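Since every read-out is calculated from the coordinates, none of them should be taken as a lab result. Note that the coordinates shown come from a computational prediction; the quantities given were computed from them, not determined experimentally. When we count neighbours, we look across all protein chains shown, and the Cβ atoms used for this are built from the backbone with ideal geometry, even at glycine.
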Amino acid sequence: MTAVTDGLADELRLLAADIAQEAGALALRRRAEGVALAATKSSLADIVTEADREVEALIRSRLAAERAGDGFLGEESGAEQGASGLTWVVDPIDGTVNYAAGFPAYAVSIAVVQGEPDPDVWDDVAGAVFAPVLGELFTAARGGGAWRGGDRLRVSEAPPAGALLATGFGYDPSTHDGDLAAVRRVMPLARDLRRIGAASLDLAYVAAGRLDGYFERGLKPWDFAAGRMLVREAGGVVERAGSASDARRMIVAGSADLVRDIIVRAMGDP
Ligand code: IPD
Ligand code: CA
């Protein structure tokens, strides 16, 4: 089991940032050449492009070369246990629907965590979220704060005029009623609501204080592994509301007070 010193956590932050930028540049090049849809996954709306797979393969091979012994958990190519106790949790393109449609809000999300590769129990080590079209790089290392480039990030205190919130919806149409009911219950807290289309960026924007809060049901570990770390290292709170047996538990991020208020409303009776 690798002992993770502050120095190692920062080294891994820089590695995640470097790989995320190389991967983002590849995604950008492939986008310019045109998007080829490779398949649909859980539902017709849940698409994967050739680029998602190619970008994940690039990330995986760089990690295999530089961090042999670490485990891997990726959206497109599955899981592999490592020997070091560290696991890389990767979404090669978060916001694939935006990517395919030509919206700029997509990102490469890379996190490294310690312990069981289960988001309820693992310890954050380091992470990076890179949005190649927007040219923004967000990074964090355990105990070292969260950063956009060289600027340290801090979550906002929700303003009295109401919170600027973001949310998202699952791909399965049968989940939409429940998601919309939660939005309706949370809306009285909001000054306005965004649906950006990339969970890693929603969380990065909460860390940066651009959004006051974010909530979404049914995210997968790779959607939020790096972003959750950014919010926590920026002084915020990220909770998974609902019972552990619920595959569509809700992620809620923001200041401690706002997260509590969102959970009370979102989980209430319809
Ligand atoms: C999706 C995005 C989206 C969120 C979905 C995610 P993907 O990830 O983060 O914003 O609403 O729940 O699945 O499929 O583009 O990697
Ligand atoms: Ca993805």
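Residue 21 versus residue 57, label points 7 Å from Cα toward the beta carbon: distance in nm?
Distance between the two pseudo-spin positions: 2.5 nm.
Karplus couplings for the stretch 87-96 from phi (6.51 cos²θ - 1.76 cosθ + 1.60, θ = phi - 60°), rounded to Hz, Gly and Pro as x?
Here the 3J(HN,Hα) series is 10, 8, 10, 10, 10, x, 9, 8, x, 4 Hz.
Test of understanding: what is the full-extension gain from residue 65 to residue 6, defined as 0.36 nm times their sequence separation minus their Cα-Cα distance?
Values: separation 59, 0.36 × 59 = 21.24 nm, distance 2.26 nm.
Value of the extension gain: 19.0 nm.
Measuring from a point 7 Å past the Cα of residue 134 along Cα-to-C-beta, which residues in the stretch 154-197 have an amide N at less than 18 Å?
Only 154-156, 164-169, 192-197 fall inside the zone, counting backbone N under 18 Å.
Compute the semi-axes of the equivalent ellipsoid of the stretch 229-270, taking the square root of 5 times each eigenvalue of the Cα gyration tensor, and list them largest first in whole Å.
Values: eigenvalues 77, 36, 6 Å².
One finds semi-axes of 20, 13, 5 Å for the stretch 229-270.
May I ask you to derive the relative contact order of the stretch 48-106, considering only C-alpha pairs under 8 Å and at least 6 residues apart, and to give it as an integer percent?
30 percent.
Output needed for the stretch 1-105: three equivalent-ellipsoid semi-axes, defined as square roots of 5 times the C-alpha gyration tensor eigenvalues, in descending order, whole Å. Present the calculation step by step, with values, prior to reporting the outcome.
Numbers: eigenvalues 155, 47, 23 Å².
After diagonalising the Cα gyration tensor, the semi-axes are 28, 15, 11 Å.
For the chain, with only Lys/Arg (+1) and Asp/Glu (-1) charged at the beta-carbon, what is the dipole magnitude about the Cα centre, in debye rounded to 20?
Values: 28 positive and 40 negative charges, 128 e Å.
Charge dipole of the chain: 620 debye, to the nearest 20.
For residue 123 and residue 14, calculate 0.36 nm times their separation in residues minus their Cα-Cα distance, and state this gained length in nm to one decimal.
37.4 nm
Ranked highest first by the average count of other Cβ atoms within 10 Å around their residues, in what order do 236-245, 170-179, 13-22 fall? Write down the numbers at each step before the final one.
Numbers: 236-245: 15.7, 170-179: 14.1, 13-22: 20.4.
Taking the mean over residues of other Cβ atoms within 10 Å, the ranking is 13-22, 236-245, 170-179.
Ranking request for peptides 115-122, 138-145: highest mean number of other beta-carbon atoms within 10 Å first, then the rest in descending order. Walk me through the numbers before you get to the answer.
Numbers: 115-122: 14.6, 138-145: 22.9.
Listed from highest to lowest mean packing, they are 138-145, 115-122.
So how compact is the chain: Cα radius of gyration and Dmax in angstrom?
Computed over the Cα atoms of the chain, radius of gyration and Dmax are 17.5, 51 Å.
Can you give the extra length, in nm with one decimal, that the chain gains between residue 32 and residue 151 once fully stretched, where that is 0.36 nm per residue apart less the Cα-Cα distance?
39.9 nm
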